[in-house]
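Notes to accompany the following structure.
The values are calculated or read from the model by the stated rules, or taken from the named source; none is laboratory data. These figures come from a predicted structure and were not determined experimentally. Here the Cβ positions follow ideal geometry from the backbone for every residue, glycine too, while neighbour counts run over all protein chains shown. Accessible surface areas use protein heavy atoms only, side chains included; no ligands, DNA or RNA. Shrake-Rupley method; radii C 1.70, N 1.55, O 1.52, S 1.80 Å.
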Amino acid sequence: SQQGEEDPQALSIQEGENATMNCSYKTSINNLQWYRQNSGRGLVHLILIRSNEREKHSGRLRVTLDTSKKSSSLLITASRAADTASYFCATDEEGSQGNLIFGKGTKLSVKP
Amino acid sequence: DVKVTQSSRYLVKRTGEKVFLECVQDMDHENMFWYRQDPGLGLRLIYFSYDVKMKEKGDIPEGYSVSREKKERFSLILESASTNQTSMYLCASSSPPGDNQPQHFGDGTRLSIL
């Protein structure tokens with residue numbers, strides 16, 4: 001069952017601009033995670049934010065979590081052509097056995 | 001670093017064949033997962049395992065089975081391959097729930113059933 005829904009489905013920006021992707025979900029969660037996938041490859045974990053956290057940073061990445069609205073956002077600042085990839089949010093639901101629920105992803109294209 | 005290794009990057013098989021996809025992780029993780037990924041459908045969970053010899057059905061288990069005889073290895077089996085099982089298959093592993101740790105993915109196997 002799909003829980004996380006990313007928005008937008010596709011995003012095209014110029015190098016140096018910021019990219020913002022949003023994720024909405026439906027149930028109570030332990031944490032929310034963001035992953036990146038280059039074309040034809042596996043997913044790479046970017047950042048995990050726990051349900052009691054509101055914001056987290058890692059390098060050029062900033063993630064926010066609003067549990068009252070059941071939503072999260074991923075901001076990539078000063079984007080580079082190498083950031084071109086698909087980005088997925090995934091939720092770890094309360095009471096789960098560790099399986100994540102993934103959204104369908106945002107396809108980001110950064111033009112040089 | 002955690003390493004999750006899938007046995008093949010690309011695989012071509014024929015309809016009706018029994019197909020084995022292998023996945024090995026080197027971090028002593030309890031949990032292992034098999035997903036398939038199709039355009040427009042995102043990642044869908046096929047099966048997962050939270051211990052040796054234990055397995056749980058995911059969202060789309062039909063036509064698949066799994067085997068976990070050793071902690072580090074999780075195999076996905078297509079009992080009788082069909083063309084609608086042509087897809088990208090991704091394996092992942094993680095520590096137990098409650099640890100707030102991410103899943104670690106292999107590079108995927110792109111499987112074509114002719």
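Structure values in brief
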| quantity | calculated |
| --- | --- |
| Check: chain B dipole with +1 on Lys, Arg Cβ and -1 on Asp, Glu Cβ, in debye | 400 |
| Within the range B:38-74, trypsin sites (Lys or Arg not before Pro) in DSSP loop having at most 10 other beta-carbon neighbours inside 10 Å | B:LYS53 |
| Of all accessible heavy-atom area on the protein assembly as shown, the percent that carbon and sulfur account for (1.4 Å) | 46 |
| Of A:LYS104/B:LYS18; A:LYS70/B:LYS55; A:LYS69/A:LYS104; B:LYS18/B:LYS55; A:LYS26/B:LYS57; A:LYS104/B:LYS55, those spanning more than 27 Å from alpha-carbon to alpha-carbon | A:LYS104/B:LYS18; A:LYS70/B:LYS55 |
| Straight-distance crosslink candidates among aspartates and glutamates, where the alpha carbon sits under 12 Å from A:LYS111 and sequence neighbours closer than 8 are dropped | A:GLU15, A:GLU17, A:ASP83 |
| Separation of the B:SER67 and A:SER68 label points, Cα + 7 Å toward Cβ, nm | 5.4 |
| Estimated FRET transfer efficiency when R0 is 35 angstrom, pair A:LYS111-B:MET27 (beta carbons, to 0.05) | 0.40 |
| Length added when fully stretched, A:ALA78-A:GLN97, from 0.36 nm per residue minus Cα-Cα | 3.1 nm |
| Farthest toward positive dipole pole in the range B:37-114 [+1 Lys/Arg, -1 Asp/Glu at C-beta], among B:SER112, B:SER80, B:PRO102 | B:SER80 |
| Zone of B:SER80's modelled label, taken as backbone nitrogen in the range B:32-74 under 18 Å from a point 7 Å along Cα→Cβ | B:61-66 |
| Charge tally in the Cβ shell below 10 Å around A:VAL63, where Lys, Arg are +1 and Asp, Glu are -1, A:VAL63 excluded | +1 |
